[in-house]
Amino acid sequence: MAMTEKLVTTCPEVTTGWNRRKEAVELGAETAEAARDWWSEELRVSEIALRNAPKSYPSWYHRKWTVSRMIRTMGRESETVRMTLERERALCSRLLDADDRNFHCWAYRRFIVQSLGVTTEEELEYTLKKIEDNFSNYSAWHQRSAILDARGDVDSATLKGEFELASNAFYTEPEDQSAWMYHRWLIARARALKIPDERDAAIASALEICREVAELEPGCKWPLLARASLEDEKSRRDVLDRLSSIDPARVGYYRDVA
Amino acid sequence: MSAAKEFELPSMPTLCVDEHCAFVARASESADTLEHALTEHLRLSGIYWGVCAVYTLGRLDRTFDRAKKEEILSYVDSCRNENGSYGGGVGHDGHVLYTLSAVQIYALFDELSRIDVEAVVGFLSSMQLSNGSFQGDHWGEIDTRFTYCALSALRLLGRLDAVDVDKACAYINSCKNFDGGFGAEPGGESHAGQVFTCVGALAIGGRLDYVDGDLLGWWLAERQVKVGGLNGRPEKLPDVCYSWWVLSSLSVLGKTHWIDRAALARFILKCQDEKSGGISDRPDDEPDVYHTFFGIAGLALMGHPAVVEPIDPVFALPKSVLRRMGIELSGTGKG
Ligand SMILES: [Zn+2]
């Protein structure tokens, strides 16, 4: 094990090294030693590896494998498992404070909170905090959309709050695309509202805000892009023409959607 | 102006074909360097990148003589495991990732007869799980990259029938996000590399109808940043390898004209080491075989005249290789 520890902590990408450790764990489980604390070692070693290489696929997977195996052999309700899961959740928060776009860590965090049975509300709260810390955190916007989507249809009250959140972001950082991409998704959700009055009101208020931002930031393409999907036919063509001149790299796109 | 015409402008740097071939040749010789030792575990992928790069430049035979070719092929042979899988290097455990690399290398050298097809098919099909997803090896890591690798390798071997393609595609669809992109697993953030594998898998499986082409095409087009290069996720730095991951996906969707191809080409060409050959992730970084291949492959999709062998956006293999194997080509041909 000392040899594989050296290998996986210096070359964490070498899957074969991690595999030898997994084999040793499985072998140990069949001996009299079965009860010994095998997981602490695996968590310790993979933490060293992740500290050196926070984007290493095999290191993250080894960690997930270790925790999954704990859950399988001891049960979700075991005190040791719960304590481990809570520690893992705290570790993820620390790592995401250091790099809030590490998608490996976000994925692992999803696995941990799911195993803990954390509520949707609590998770939405976490993404809100991450977004408010940094509006440019696309990973958090993504996570938020995934939680809301998984919950089912997004109702008009929820949408209202989400539109507000996106607006806060683009009043602060109009050139950052994260909130605008989320906004495009919100518009699609608003169009899917079943009650016509609610739908029309949501679209109208989104359009109003985009017009306002476009006026405040005349050189910014993003409010225009949003307007292109919200305006009537005539204004839409004008907006797309302006987009073509502000953002010539994507003129092919503006032509195709015109 | 089409991208191909732009390549004739004096402002466009030239592609250093000779230097890149020499770089690839050197990379496959230097067996005793530290870099070589550190990348031992993914040697098969490295060989595929290098061989495919010189093939697309029309220099396969000139770069690898008969003896070298045999040396490479017997190295690949020796990476084979009992269960039909291939490891990244000799002595490494088998994995779906490197099994595809092995098949690709044999295909490039027209040496598919060296493959024990039944064994490889047996391994790949045993990696499919009941929800349609694929694990990379028997330790259970699941990732949409592995779905692509398995479907691509099976298609190249003419054995897609060995797995449940519909279920595999439905699983990919369950990894689709609010932005039209795809992640590594359900709920995983969209990433251009992952988008390539998912769009590719759906193309192979005949289920591109799962893709929202306008939404995903737009997200992909927004990967282009001011300097012309492409990034892999919003608000990230550009990197030459995304020239391939993004552009190949756009190509399958018939939307490569949604970005400024000339600006992208200029970015890739600026990442060349004009003296010693090779392409790096960003200008002035150290070149490597990975970015050299994906830079050249990106230029191939834009019709660069020096990349004489056009490349298929789904299989990431030269079209002439696929034609030789009787596999119909992907992409819409537009753009
Ligand atoms: Zn790269």
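Descriptive notes on the structure:
- Boolean, A:Ala188 is within 24 Å of B:Ala192 (Cβ to Cβ), free of Cβ contacts under 8 Å to residues at least 12 places away in the same chain and assigned to a helix (DSSP H, G or I): yes
- Of all residues making up segment B:214-246, the number that are within 16 Å of the ligand (Cβ to nearest atom), without any contact (Cβ under 8 Å) to a residue 24 or more places away in the chain and buried (at least 22 other Cβ atoms within 10 Å of the Cβ): 0
- The residues in segment A:56-77 that are at pLDDT 95 or above and outside any helix (DSSP H, G or I) can be counted, and the count is 1.
- Within segment A:150-200, the residues that satisfy the criterion of being closer than 22 Å to A:Glu125 by Cβ and either small (Gly, Ala, Ser) or not assigned by TED's automatic domain parsing to the domain that holds A:Ile131 (or both) are A:Ala150, A:Gly152, A:Ser156, A:Ala157, A:Gly161, A:Ala166, A:Ser167, A:Ala169, A:Ser178, A:Ala179.
- Qualifying residue in segment A:110-122 (condition: among the polar types (S, T, N, Q) and crowded, with 19+ Cβ neighbours inside 10 Å): yes
- When B:Leu57 is tested against (1) surrounded by 22 or more Cβ atoms within 10 Å (Cβ to Cβ); (2) within 22 Å of B:Val120 (Cα to Cα); (3) touching a helix residue (DSSP H, G or I) at 6+ places or on another chain (Cβ under 6 Å); (4) not hydroxyl-bearing (Ser, Thr, Tyr), just one condition goes unmet, and that condition is (2).
- Qualifying residue in segment A:100-107 (condition: more than 14 Å from chain B (Cβ to nearest Cβ) and hydrophobic (A, V, I, L, M, F, W, C)): no
- The listed residue being more than 22 Å from B:Asp93 (Cβ to Cβ), hydroxyl-bearing (Ser, Thr, Tyr), crowded, with 17+ Cβ neighbours inside 10 Å and touching a residue at least 12 places away in the same chain (Cβ under 8 Å), out of A:Thr84, A:Thr66, A:Thr73: A:Thr84
- Meets criteria (more than 15 Å from the ligand (Cβ to nearest atom) and modelled with pLDDT of 95 or more) for B:Leu329: no
- Only a single item in (1) away from chain B (no Cβ under 14 Å); (2) more than 21 Å from A:Phe135 (Cα to Cα); (3) surrounded by 17 or more Cβ atoms within 10 Å (Cβ to Cβ) is not met by A:Ala201, and it is number (3).
- For segment B:131-148, the criterion of a residue being exposed (fewer than 15 other Cβ atoms within 10 Å of the Cβ), touching a residue at least 12 places away in the same chain (Cβ under 8 Å) and away from chain A (no Cβ under 13 Å) is satisfied by at least one position.
- Considering residues of segment B:248-264 that are of a type in the set (A, V, I, L, M, F, W, C) and closer than 19 Å to B:Gly193 by Cα only, the residue nearest to the other protein chains (Cβ to nearest Cβ): B:Trp258
- All positions within segment A:149-164 that are under 17 Å from A:Ile131 (Cβ atoms) and either of a type in the set (S, T, N, Q) or touching a helix residue (DSSP H, G or I) at 6+ places or on another chain (Cβ under 7 Å) (or both): A:Val154, A:Thr158, A:Leu159, A:Glu162, A:Phe163
- Contacts under 7 angstrom Cβ, first residue in segment A:231-258 being within 14 Å of chain B (Cβ to nearest Cβ), partner surrounded by 18 or more Cβ atoms within 10 Å (Cβ to Cβ) and small (Gly, Ala, Ser), 6 or more apart: A:Leu240/A:Ala228; A:Leu243/A:Ala228; A:Ala249/B:Ala263; A:Arg250/B:Ala221; A:Tyr253/B:Ala221
- Subset of segment B:247-290 (residues that are more than 16 Å from the ligand (Cβ to nearest atom) and in a loop (DSSP other than H, G, I, E, B)): B:Leu253, B:Gly254, B:Lys255, B:Ile259, B:Asp260, B:Glu274, B:Lys275, B:Ser276, B:Gly277
- The single residue among B:Ala168, B:Ala184 that is among the small types (Gly, Ala, Ser) and either outside any loop (DSSP other than H, G, I, E, B) or over 21 Å from the mean Cα position of the chain (by Cα) (or both) turns out to be B:Ala168.
- Criterion violated by A:Trp185 - all others in (1) surrounded by fewer than 19 Cβ atoms within 10 Å (Cβ to Cβ); (2) under 23 Å from A:Ser136 (Cα atoms); (3) within 14 Å of chain B (Cβ to nearest Cβ) satisfied: (1)
- In segment A:84-100, the residues that are out of contact with any Asp or Glu (no Cβ under 8 Å at 6 or more places or on another chain) and not in a helix (DSSP H, G or I): A:Asp99
- Residues in segment B:178-192 that are more than 8 Å from chain A (Cβ to nearest Cβ) and touching a Lys or Arg at 6+ places or on another chain (Cβ under 8 Å): B:Phe182, B:Ala192.
The values are calculated or read from the model by the stated rules, or taken from the named source; none is laboratory data. Bear in mind the structure is a predicted one, so any value in this text is a computation, not a measurement. Please note: Cβ atoms are built from the backbone with ideal geometry, for glycine as well, and neighbour counts cover all protein chains shown.
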